[in-house]
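Undergrad: Sharing a structure with you now.
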Amino acid sequence: MFFTFLIMAVIEISLFIDKPNARLFALIVLAIGLVLHGLASERAAKRRAVETAAGPPAPSSIQVVPRFPVEQRERSGTPMLCAVRGIGRTLDFAISEAKETDRPLYLLFVREQPLLAPGDRKRKWTEDEEASAIFKYASEKADGVQILPCYAVSDSAADTIVDIAATVGASRLIVGAPQRNMLVNLLRGNIIKSISDILPEEIHFLVYA
């Protein structure tokens, strides 16, 4: 694969030198991508500032099981939160960790959408086939572990994940390594970095790759 990469790199470099039109096109695409990324980052920063000033989101916007009482957390250990997009190794790892540490596990699925309609915030996880399949799988694999489903429809997955982690009093946040390619990360931002930038220091952040 590395040898193939070298061959392709040489071909692209030669085209970049010999084809001025192709070179101009590539620079224009790169410039547009960087501008869009900058605008998206600025919009996200403004939205966080507005949300901070307005206070926490409305209770109907996020479906979260109520926080454990203090005495229950002392008996069973502080809860963990795992944010997943599908059934896979990250989910299995989180369930395994919950079993080994005897901690309750909040399982979060965020349906991320660029634009939200009024009815989206009231949507329930039972109406989302993908979320329902994940929660059903987790309940079958629980084997005594207390798994608490959380569901949200949001235009900013990173902000929502951090908000819920703080709301439920999680001591550990587990997420899977992003599968997006470099271009998508450039245009939409890296969710791991976005989470780490705003996650409270008392919550341990674990990225499972």
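Undergrad: Go through A138, A131 for me and flag whichever is under 16 Å from the mean Cα position of the chain (by Cα) and either in a loop (DSSP other than H, G, I, E, B) or modelled with pLDDT of 90 or more (or both). Step through it out loud before you land on a result.
TA: Details: A138 fails: under 16 Å from the mean Cα position of the chain (by Cα).
Testing whether each residue is under 16 Å from the mean Cα position of the chain (by Cα) and either in a loop (DSSP other than H, G, I, E, B) or modelled with pLDDT of 90 or more (or both) leaves just A131.
Undergrad: Go through region 171-209 and report how many residues are modelled with pLDDT of 90 or more, within 20 Å of S156 (Cα to Cα) and assigned to a loop (DSSP other than H, G, I, E, B).
TA: The number of residues fulfilling the criteria is 3.
Undergrad: Scan region 24-45 and tell me whether some residue there is at pLDDT below 65, loosely packed, with under 15 Cβ neighbours inside 10 Å and within 18 Å of the chain's Cα centre (by Cα).
TA: For region 24-45, residues at pLDDT below 65, loosely packed, with under 15 Cβ neighbours inside 10 Å and within 18 Å of the chain's Cα centre (by Cα): present.
Undergrad: Working only within region 141-165, note down all residues that are part of a strand (DSSP E or B) and closer than 18 Å to R103 by Cβ.
TA: Within region 141-165, I147, L148, P149, C150 meet the criteria.
Yes or no, residue by residue, for (1) among the hydrophobic types (A, V, I, L, M, F, W, C); (2) within 20 Å of I191 (Cα to Cα):
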| site | (1), (2) |
| --- | --- |
| E97 | no, no |
| T101 | no, no |
| L105 | yes, no |
| L108 | yes, yes |
| Q113 | no, yes |
| D120 | no, no |
| D128 | no, no |
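The values are calculated or read from the model by the stated rules, or taken from the named source; none is laboratory data. From a predicted model like this one, the values you see are computed outputs, not experimental measurements. Backbone-built Cβ (ideal geometry, glycine too); neighbour counts: all protein chains shown.
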